[in-house]
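Colleague: Let me give you the structure first, and then I'll get to my questions.
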């Protein structure tokens with residue numbers, strides 16, 4: 001009797017799995033398409049501007065550097081579009097300009113000023129500078145990205161007015177990355193804190209770090 005029940009249950013499970021597989025297969029075979037940003041802009045606004053090659057990349061970089069379109073200057077767009085009471089693109093333009101009458105011109109001035117600075121900087125770039133930058137990117141930054149533990153140890157040791165050294169292989173096997181003075185430490189990303197079952201294996205103080213723009217932020221006692 002138990003065997004029959006098991007066979008019936010197994011058959012039901014197999015049927016569900018097969019039906020689920022068929023449903024997924026049907027879902028995957030449904031027609032799909034991708035809408036480009038340019039197509040969407042044309043549909044909703046009636047036009048999409050065209051620009052010479054590379055110019056939008058440069059304008060975008062200048063805009064980022066100048067922070068000309070940050071929310072504090074032009075408004076939080078995701079909130080404004082929800083607040084907007086109209087339907088058409090023309091209504092949106094009129095509504096936004098009325099709410100932020102100087103925003104577009106100010107952002108234009110700030111971004112263009114950065115373009116001018118970038119144009120002047122371009123004149124300082126020659127092949128030797130490009131080679132120096134490429135070499136640093138490929139060699140120096142790659143190596144530093146893999147060996148930043150020593151930089152962390154060195155910086156903390158300087159703050160503590162003591163010495164430091166990297167761990168030897170036998171010490172690394174115990175979860176030690178280096179020493180600050182005579183104190184063994186381990187260096188881990190902040191995401192490691194979310195894995196308490198792993199930290200139990202490390203019996204030394206842990207120095208945490210997180211990657212931020214332009215480097216890493218270090219947390220230590």
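Colleague: Within the stretch 197-221, take every residue that is in a loop (DSSP other than H, G, I, E, B) and out of contact with any strand residue (DSSP E or B) (no Cβ under 6 Å at 6 or more places or on another chain) and give me the one that is modelled with the lowest pLDDT.
Modeller: First, the residues of the stretch 197-221 that are in a loop (DSSP other than H, G, I, E, B): 200-204, 213-214, 220-221.
Applying the additional criterion that residues be out of contact with any strand residue (DSSP E or B) (no Cβ under 6 Å at 6 or more places or on another chain) yields 200-201, 203, 213-214, 221.
On the way: 200: 50, 201: 59, 203: 77, 213: 83, 214: 80, 221: 77.
Ranking the candidates gives 200 first.
Colleague: So, one more: Mind checking which residues of the stretch 60-76 are surrounded by fewer than 12 Cβ atoms within 10 Å (Cβ to Cβ) and either touching a helix residue (DSSP H, G or I) at 6+ places or on another chain (Cβ under 7 Å) or under 22 Å from residue 47 (Cα atoms) (or both)? Don't jump to the end; show me each part of the working.
Modeller: Of the residues in the stretch 60-76, the ones surrounded by fewer than 12 Cβ atoms within 10 Å (Cβ to Cβ) are 60, 71-72.
Selection gives 60 alone.
The values are calculated or read from the model by the stated rules, or taken from the named source; none is laboratory data. Quantities reported herein were computed from a predicted structural model and do not represent experimental measurements. Cβ: placed from backbone, ideal geometry, glycine included. Neighbour counts: every protein chain shown.
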